[in-house]
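Just below is one structure, and these are the notes that go with it.
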Amino acid sequence: MSKQILILGGGYGGVLTAQTARKYMSASDASITIVNRFPTHQIITELHRLAGGTIAEKAVSLPLAKLVGSNDVNIIVDSVKEIKPNEKKVVLEGGSVQSYDYLVVALGSETNYFGIPGLEENSFVLKSVADANRIREHVEARLDAYKKSGNKADATIVVGGGGLTGVELVGEFADKLPEVCRSKGIDFNDVSLYCVEAAPAVLPIFPKVLIDRAVESLSKRGVTFITGVAITEATKTSVTLKDGNVINSSTIIWTGGVKGNPVVGSSGLAEDRGRSTVTSTLQSTSHPEVFLAGDCAVVFPEGSERPFPPTAQLAWQMGETVGYNLSVLIKGGVMDKFSPVFSGTLGSLGRKDAVGTIGGSGTQLKGLPATLMKEASNVRYLSHIHGLFALAY
């Protein structure tokens with residue numbers, strides 16, 4: 001009898017799970033269903049480009065039906081309300097209840113506001129295509145307002161968080177806003193771009209030489225970095241810093257932290273600080289018929305007390321391992337232990353500059369070589385999931 005596989009989430013982990021499982025199993029072996037809140041697979045690592053206005057929406061939003069639907073994978077567009085692992089059921093926001101033999105949880109993470117007063121209510125986040133569109137439209141609307149009123153807060157953008165997302169986003173603004181300002185008859189020198197990071201430095205994943213290179217590049221294009229100082233409060237028109245300084249800004253974008261998905265955290269699956277714990281084969285440590293992929297799982301390298309960082313390349317590889325292991329459970333064989341290979345990290349600094357490390361030796365790249373490698377990495381992923389075909393629609 002065909003088994004029922006239910007996949008929650010159509011991100012990197014969910015899509016790769018479905019594609020890999022179908023590679024090793026036919027529809028007669030298992031029925032596969034993906035539940036995703038959007039009808040599209042969104043390329044989260046490229047959302048900063050959409051928010052900055054340097055890329056079209058269709059380049060980062062691929063129809064799930066084109067990626068997995070042709071492989072006899074059912075798609076339900078809905079949000080997950082509750083996971084009931086003891087009953088092998090999932091309740092969706094739309095009211096339906098989905099049963100399963102095997103469950104894959106790939107719901108990603110949530111934004112962590114760390115209890116900072118006013119931050120959640122008064123800031124934008126960058127976790128979806130809709131978020132990116134809202135940011136771009138808001139920035140342009142504030143610039144229009146600045147042209148009419150001259151209110152400096154409308155020409156000031158504060159990005160909270162100096163990790164990869166925050167720095168890539170200010171890089172897009174630094175490249176695109178001069179053009180936007182010219183089209184509106186505004187002097188770009190009137191625009192203020194801030195990146196505020198509580199830690200001593202931005203981009204902590206990179207060596208100091210690349211951090212310095214990134215800061216120098218973006219500073220020359222109008223970005224002001226404030227490091228070692230946390231945001232302590234936010235309103236609709238201001239950001240207060242721990243040192244007492246206040247930045248008047250009508251655009252606050254928060255990229256400074258993530259936490260476990262609350263639906264997963266309240267499900268009863270074994271967890272550690274809101275993220276589910278897994279075995280070496282990516283099964284829940286409390287419910288072996290449940291697999292996890294992506295940011296909602298906490299995965300430790302063998303012999304280490306520090307988990308792997310939540311990244312797209314990790315979610316991609318987790319999805320492939322889960323998909324294969326599901327086929328083994330259903331058809332027989334030996335499950336694979338998850339053993340990720342890290343190809344490096346690349347960060348764009350706008351359209352014509354980037355920094356990165358590649359390979360096991362951490363070879364450093366900057367400038368055009370890093371930019372080209374970043375583009376190649378994106379094309380490689382799209383090709384791997386057959387997304388280049390989906391882009392044609």
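The values are calculated or read from the model by the stated rules, or taken from the named source; none is laboratory data. Computed from a predicted model, the values in this text were never measured in an experiment. Quick reminder, even Gly has a Cβ in these numbers, built from the backbone with ideal geometry, and neighbours come from all protein chains shown.
Summary of computed values
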read-out: Identity of the residue in the range 115-130, among the aliphatic types (A, V, I, L, M) and in contact (Cβ under 8 Å) with a residue 24 or more places away in the chain, that ends up farthest from GLU46 (Cα to Cα); value: ILE116
read-out: So GLY350, is it under 30 Å from GLU179 (Cα atoms) and outside the structural domain of LEU193 (by TED's automatic domain parsing); value: yes
read-out: Matching residues in the range 209-225 - criterion: being in a strand (DSSP E or B) and buried (at least 21 other Cβ atoms within 10 Å of the Cβ); value: VAL223
read-out: Qualifying positions in the range 242-267 - surrounded by fewer than 18 Cβ atoms within 10 Å (Cβ to Cβ) and modelled with pLDDT of 95 or more; value: LYS242, ASP243, GLY244, ASN245, VAL246, ASN248
read-out: Entirely in the range 238-341, the strands (runs of 3 or more DSSP E) that have 1 or more residues that are more than 30 Å from ASP154 (Cα to Cα) and of a type outside the set (Asp, Glu); value: 258-260, 275-277, 290-292
read-out: Conditions (1) small (Gly, Ala, Ser); (2) under 17 Å from the mean Cα position of the chain (by Cα); (3) more than 30 Å from PRO262 (Cβ to Cβ); (4) surrounded by fewer than 21 Cβ atoms within 10 Å (Cβ to Cβ): number failed by ALA312; value: (3)
read-out: Count of the range 165-205 residues which are in a loop (DSSP other than H, G, I, E, B) and touching a residue at least 12 places away in the same chain (Cβ under 8 Å); value: 11
read-out: Filter result (out of contact with any strand residue (DSSP E or B) (no Cβ under 9 Å at 6 or more places or on another chain), part of a helix (DSSP H, G or I) and not charged (D, E, K, R)) within the range 53-96; value: ALA59, SER70
read-out: Residues (more than 28 Å from VAL90 (Cα to Cα), aliphatic (A, V, I, L, M) and in contact (Cβ under 8 Å) with a residue 24 or more places away in the chain) located in the range 25-57; value: LEU47, LEU50, ALA51
read-out: Every residue from the range 357-377 that is among the small types (Gly, Ala, Ser) and either closer than 19 Å to GLY52 by Cβ or part of a loop (DSSP other than H, G, I, E, B) (or both); value: GLY359, GLY360, SER361, GLY362, GLY367, ALA370, SER377
